[in-house]
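What follows is a single structure, written as structure tokens, with notes after it.
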Amino acid sequence: MTYLDHAASTPVHEAALEAMLSAMREGASNPSSVHAAGRKARAALDQARIEVSSYLGCLHAELRWEASGSAALGRALRSALSLCSGPLVSSRLEHPAVRNVVEQAESSGREVRWLSQPGGSLTPTVAAPLLEGAAVVALSAMNQELGTAPDLAPLLALAPSAWWVVDAVQAAAWRDLRPLLAPRVFLACASQKLGGPPGVAALRVPRELAFAPAGRREPRFPEAPGTPPWIAAIGMGAACRVRAPALREGLPRARAQAERLLAGLQRSCPDLVHNTGPDWVGPILDVSVPGVEARRMETALDLRGLCVARTSACQQARVVASPVVAAAFPGAPWRADSALRFSLGLQTSEEDLDAALEAWSSALSELRPATSTGST
């Protein structure tokens, strides 16, 4: 099997598995308990908090554990909206966890300014008029389907008083997020994109909300109710610890591999299009083939041992055409119908690319026998 769906979930790193197994072997207990076993569990959870916050570049006290990236984004955006009135700025290319909340706010009467992001790209010149006077801004640091990563740092400077919700679920695996940690930024990342287990995510909370001010018993943004998923959090901490040294070299390597993969796909299918814009950075490669529905190609590739995706993993069962690709390329609806997402990971090898191109050429020959060149 060749796995090129790392944007959905990357395989759990051995270090994360070992850290979780070690915690369970040593006598798992509830970290909220005050006895010796509970204190030991709490110490392991606190260490994981330090490892994840160090990876992100925030204070460990600013970190909140959540059940998933979607849960973190939803909680952060609802909290930001409750803190102020005024315009909400976002785009139709956002993950459903963000877009659904934005649409709900709009239907409830909140002013929503939708940014135009052709091809997933965004510039300060385009964004500036809509960001002026914004109260809340919700944008992704790397698009989950197009693989574009607009530079959000200059945009933060255009609306410094706004509450920002940054979806870093994809970006955290590949980019240094420290430039985005402005005072009023919520930032979400998910364990399973980093080589940790599913079932846990981290949310960086703005400092003024993370600490309890004088006269209050708890901060304005407290921990989620109940005991956090501490075994999974320990795995996430270990994954962050081993991924940090690879962060600098990982993205250039993935970009080079993606360019090689794209060139091979285009040799077999000269009329294939790359669904992206100039902000594309590499690990996620979204392509469309005229006349070939994505579900058919996805199935054909699966039968040949290649794992790819049609759209975001969380909505594959509910949609046929990609809503993100449709929003990015409104003048070419066929792109959304045929969009496939290849996503690479740190473990992706040249042999994986060879196998993927062989499976692609074979599937294309079956689905478009008259037009495929069959060359890889």
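The values are calculated or read from the model by the stated rules, or taken from the named source; none is laboratory data. Being a predicted model, the structure only gives us computed values, none of them experimental. For neighbour counting, all protein chains shown are included, and Cβ atoms are generated from backbone atoms with ideal geometry for every residue, glycine included. Note: areas computed on protein heavy atoms with side chains; ligands, DNA, RNA excluded. Shrake-Rupley method; radii C 1.70, N 1.55, O 1.52, S 1.80 Å.
Out of the residues in the range 279-289 meeting the condition of being touching a strand residue (DSSP E or B) at 6+ places or on another chain (Cβ under 8 Å) and not hydrophobic (A, V, I, L, M, F, W, C), tell me which one is modelled with the lowest pLDDT.
ASP279
Identify all residues within the range 241-250 that are in contact (Cβ under 8 Å) with a residue 24 or more places away in the chain, open to solvent by 30 Å² or more (accessible area, probe 1.4 Å) and more than 22 Å from ARG25 (Cα to Cα); write none if there are none.
ALA244, ALA246, LEU247
Considering only residues of the range 293-317 that are part of a loop (DSSP other than H, G, I, E, B) and at pLDDT below 95, which is farthest from the chain's Cα centre (by Cα)?
Within the range 293-317, the match that is farthest from the chain's Cα centre (by Cα) is GLU293.
Any residue at all in the range 224-232 that is open to solvent by less than 30 Å² (accessible area, probe 1.4 Å) and at pLDDT 95 or above?
Among the residues of the range 224-232, at least one is open to solvent by less than 30 Å² (accessible area, probe 1.4 Å) and at pLDDT 95 or above, which makes the answer yes.
Taking ALA238 as meeting all but one of (1) touching a residue at least 24 places away in the same chain (Cβ under 8 Å); (2) open to solvent by 30 Å² or more (accessible area, probe 1.4 Å); (3) not in a loop (DSSP other than H, G, I, E, B), write down the number of the exception.
So ALA238 meets the others, but not (2).
When you check GLN266 against the structure, is it open to solvent by 20 Å² or more (accessible area, probe 1.4 Å), polar (S, T, N, Q), in a helix (DSSP H, G or I) and over 25 Å from SER90 (Cα atoms), yes or no? Quick ask: steps written out before the conclusion?
Details: open to solvent by 20 Å² or more (accessible area, probe 1.4 Å): yes; polar (S, T, N, Q): yes; in a helix (DSSP H, G or I): yes; over 25 Å from SER90 (Cα atoms): yes.
For GLN266, the condition - open to solvent by 20 Å² or more (accessible area, probe 1.4 Å), polar (S, T, N, Q), in a helix (DSSP H, G or I) and over 25 Å from SER90 (Cα atoms) - is met.
Hey, PRO278 hits all of (1) in a helix (DSSP H, G or I); (2) under 23 Å from GLY120 (Cα atoms); (3) open to solvent by 40 Å² or more (accessible area, probe 1.4 Å) but one; which does it fall short on?
(1)
Could you list all residues from the range 152-170 that are under 21 Å from HIS95 (Cβ atoms) and not in a loop (DSSP other than H, G, I, E, B)? Step through it out loud before you land on a result.
Step one: of the range 152-170, the residues under 21 Å from HIS95 (Cβ atoms) are 152-153, 155-156, 159, 162-170.
Residues satisfying the conditions are ALA153, LEU155, LEU156, TRP163, TRP164, VAL165, VAL166, ASP167.
Name the pairs: first residue in the range 1-26 and open to solvent by less than 40 Å² (accessible area, probe 1.4 Å), second residue assigned to a strand (DSSP E or B) and of a type in the set (D, E, K, R), Cβ to Cβ under 9 Å, at least 6 apart or on different chains?
Sorted first by the residue in the range 1-26, then by its partner, the pairs are LEU4/ARG341; ASP5/ARG341; ALA7/ARG341; ALA8/ARG341.
I'd like to check something: does the range 191-212 contain any residue that is crowded, with 18+ Cβ neighbours inside 10 Å and of a type in the set (Asp, Glu)?
no
Quick check on my filter: what residues within the range 41-95 are buried (at least 17 other Cβ atoms within 10 Å of the Cβ) and of a type in the set (D, E, K, R)?
Of everything in the range 41-95, those that are buried (at least 17 other Cβ atoms within 10 Å of the Cβ) and of a type in the set (D, E, K, R) turn out to be ARG42, ARG49, GLU51, GLU62, ARG64, GLU66, ARG75, ARG92, GLU94.
Starting from the range 75-102, take each residue that is more than 13 Å from VAL324 (Cα to Cα) and list its partners that are part of a helix (DSSP H, G or I) and charged (D, E, K, R), counting only C-beta distances under 7 angstrom and pairs at least six apart or across chains.
Pairs found: VAL101/ARG78.
Which of the numbered conditions does GLU218 fail, given that it passes all the others? Conditions: (1) at pLDDT below 95; (2) under 24 Å from the mean Cα position of the chain (by Cα); (3) loosely packed, with under 14 Cβ neighbours inside 10 Å.
Among (1) at pLDDT below 95; (2) under 24 Å from the mean Cα position of the chain (by Cα); (3) loosely packed, with under 14 Cβ neighbours inside 10 Å, GLU218 violates only (2).
(1) closer than 21 Å to PRO222 by Cβ; (2) out of contact with any Gly (no Cβ under 9 Å at 6 or more places or on another chain); (3) at pLDDT 95 or above: which one isn't true of ILE50, the others all being true?
Only one criterion is unmet by ILE50, namely (2).
Suppose we filter ALA157, ALA127, ALA153 for residues that are small (Gly, Ala, Ser), under 18 Å from PRO278 (Cβ atoms) and open to solvent by 10 Å² or more (accessible area, probe 1.4 Å); which single one remains?
Details: ALA157 fails: under 18 Å from PRO278 (Cβ atoms); ALA127 fails: open to solvent by 10 Å² or more (accessible area, probe 1.4 Å).
ALA153 is the lone residue from the list that is small (Gly, Ala, Ser), under 18 Å from PRO278 (Cβ atoms) and open to solvent by 10 Å² or more (accessible area, probe 1.4 Å).
Just the residues that are more than 12 Å from ARG341 (Cα to Cα) and touching an Asp or Glu at 6+ places or on another chain (Cβ under 9 Å), please, taken from the range 265-279.
ASP279
Could you please let me know if GLY226 is of a type in the set (Gly, Ala, Ser) and out of contact with any Leu (no Cβ under 7 Å at 6 or more places or on another chain)?
For GLY226, the condition - of a type in the set (Gly, Ala, Ser) and out of contact with any Leu (no Cβ under 7 Å at 6 or more places or on another chain) - is met.
Just for the range 202-215: of the residues that are assigned to a loop (DSSP other than H, G, I, E, B) and farther than 27 Å from GLN192 by Cβ, which one is modelled with the highest pLDDT? Quick ask: steps written out before the conclusion?
Just the residues of the range 202-215 that are assigned to a loop (DSSP other than H, G, I, E, B), to begin with: 205-206, 211-215.
Add one more test, that the residue is farther than 27 Å from GLN192 by Cβ, and what stays is 211-215.
Numbers: PHE211: 90, ALA212: 81, PRO213: 79, ALA214: 73, GLY215: 71.
Going through the qualifying residues, I end up with PHE211.
Considering only residues that are within 25 Å of the chain's Cα centre (by Cα) and open to solvent by 10 Å² or more (accessible area, probe 1.4 Å), look in the range 347-356 and name the one that is nearest to GLU14 (Cα to Cα).
First, pick out the residues of the range 347-356 that are within 25 Å of the chain's Cα centre (by Cα): 347-350, 352-353, 356.
Those left that are additionally open to solvent by 10 Å² or more (accessible area, probe 1.4 Å): 347, 349-350, 352.
Working: GLN347: 12, SER349: 18, GLU350: 21, ASP352: 20 Å.
The residue in question is GLN347.
Considering each of PRO252, PRO213 in turn, give the residue that is within 19 Å of the chain's Cα centre (by Cα) and under 29 Å from ALA182 (Cα atoms). Give the steps one after another, and end with the answer.
Details: PRO213 fails: within 19 Å of the chain's Cα centre (by Cα).
The unique qualifying residue is PRO252.
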